[in-house]
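The values are calculated or read from the model by the stated rules, or taken from the named source; none is laboratory data. These figures come from a predicted structure and were not determined experimentally. Because the Cβ atoms are built from the backbone with ideal geometry, glycine has one as well, and the counts that use them run over all protein chains shown.
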Ligand SMILES: Nc1ncnc2c1ncn2[C@@H]1O[C@H](COP(=O)(O)OP(=O)(O)OP(=O)(O)O)[C@@H](O)[C@H]1O
C-alpha cells in the first residue's frame, strides 16, 4: 500500500546550509497495517512525515527517492497536483499540536466543508452535513460538535475532532504526529481508540503514528521503526522492538523511559548519554557510534549496511545479531 524507497530530503536554511533531515529512508507498509516511528527529538520524524506527503515547499526540499501509494508514485508530482489530488484523499497528515491550529472563530462543520469542497466542489451543504454526522456518530463523537467552535471543546475532544476532520475523505494513509502527547491520560486513550477504529472500519488503510516514546507504540501499532539522525536504524514488530530491541540506540531508547505497563519494563535506566550529531554534516559510518557503548573504531569509518534478518527484522549495526545479544 505504501512503499518508500531511499527517500532523501533536506532543509536549506537562510544561511544556505543544508540540513539532511531524511537521509535514505526506505519502508513498506501493507494494507491494514499500522507502524510507529520513534526516536529522540530532532532525529527527523516530523520531517519524514512531511516528506512522505510529497508536498515540498521551502525550506524543505526533495533530493531523491520514491514514495508509492497504492502503486502510484507521488514523489515527483507538482505541488499543485499534490495539493489537489493527493492531500486529504490519498494521504492525510495530522501535525503536532494540530488541535491548536483550528481557527477558533469557525464552526467545526465549516472545516469539514472546506476539506470536502477541495476535492468535491459540487457537494451540497446538506450532503456534507449528512456525511459528517454519520462519520462523527460512528467514531463516537456527538453530532452537536459540528455546530460548535473549537474554543468550546476540551483538549481531548478538539484533538479527536481534528482527526475526524482530517480523515473525512477516508485517506489511504494517515500520518499522526504525536497525536496524543499533549493530552491527559484519559484523552490519550480515547485518541488512540479512535485511531484504531479508523483502521478497523477501514476509513484508513495504513496508519503511521509518530512519537518520541518507543514503548507507547507497543499498544498502538503493529510494527515500529526507530529513527536516529535522519535514518531508520531498526524496524520490527512492536513486540520485537519493545521486548527485544537489537540496535544499541533502540535499547537505549527503551531503557530511558519508564513504562507503567507490567512486564514491559518496570525500572528506569539512565537516558542515553550524549547528543545526536548535526544533520548539516552527518558523521561518516554509524551516526550513533559517538554515543554507543559498544562502538569500535571501524564503526566510525565504515558505511553501515541495513541488515535484514530471516524473520523480516531490519537493523543497521556492524555487530552480528549474536554479538548484540551477548553485550
Ligand atoms: N525549518 C527548518 N529549517 C532547518 N532545519 C530544520 C527545520 N525544521 C527542522 N529542522 C531540523 O531538521 C532535523 C529534524 O527535525 P524534526 O523536527 O523532523 O525532528 P523530530 O524527530 O520530529 O523532532 P521532534 O520530536 O522534536 O518533533 C533537526 O535537526 C531540526 O533542527
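Some notes on this structure:
- Within the stretch 69-83, tally of residues that are loosely packed, with under 13 Cβ neighbours inside 10 Å and on the phi > 0 side of the Ramachandran plot: 1
- Pairs linking a residue in the stretch 1-22 that is at pLDDT below 95 to a residue that is more than 10 Å from the ligand (Cβ to nearest atom) and part of a strand (DSSP E or B), with Cβ atoms under 8 Å and 6 or more positions apart or on different chains, are 1/29; 1/69; 1/173; 1/206.
- The stretch 38-52, subset outside any helix (DSSP H, G or I) and buried (at least 19 other Cβ atoms within 10 Å of the Cβ), residue farthest from the ligand (Cβ to nearest atom): 38
Here's the yes/no breakdown for (1) in contact (Cβ under 8 Å) with a residue 24 or more places away in the chain; (2) surrounded by 13 or more Cβ atoms within 10 Å (Cβ to Cβ); (3) under 12 Å from residue 166 (Cα atoms):
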site: 90; (1), (2), (3): yes, yes, yes
site: 104; (1), (2), (3): yes, no, no
site: 107; (1), (2), (3): yes, yes, no
site: 118; (1), (2), (3): yes, yes, no
site: 124; (1), (2), (3): no, no, no
site: 129; (1), (2), (3): no, yes, no
site: 142; (1), (2), (3): no, no, no
site: 145; (1), (2), (3): yes, yes, no
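- Evaluation of residue 56 against (1) part of a helix (DSSP H, G or I); (2) closer than 30 Å to residue 287 by Cα (one fails), failing number: (1)
- Here the stretch 1-18 is the region considered, the condition is being crowded, with 21+ Cβ neighbours inside 10 Å and more than 14 Å from residue 208 (Cβ to Cβ), and the residue that is nearest to the chain's Cα centre (by Cα) is 9.
- Matching entry among 86, 94 (being within 23 Å of residue 1 (Cβ to Cβ), within 16 Å of the ligand (Cβ to nearest atom) and buried (at least 20 other Cβ atoms within 10 Å of the Cβ)): 94
- The residue list 131, 112, 116, 163 contains one member that is part of a helix (DSSP H, G or I), in contact with a strand residue (DSSP E or B) (Cβ under 7 Å, 6 or more places away or on another chain) and either within 28 Å of residue 213 (Cβ to Cβ) or more than 16 Å from the ligand (Cβ to nearest atom) (or both), which is 163.
- Complete set of residues in the stretch 220-243 that are over 15 Å from residue 178 (Cα atoms) and not in a strand (DSSP E or B): 222, 229, 230, 238, 239, 240, 241, 242, 243
- Hits in the stretch 53-68 (condition: at pLDDT 95 or above and either away from the ligand (no atom under 12 Å from the Cβ) or on the phi > 0 side of the Ramachandran plot (or both)): 62, 63, 64, 65, 66, 67, 68
- Which listed residue, of 4, 25, is closer than 25 Å to residue 72 by Cα, part of a strand (DSSP E or B) and within 13 Å of the ligand (Cβ to nearest atom): 25
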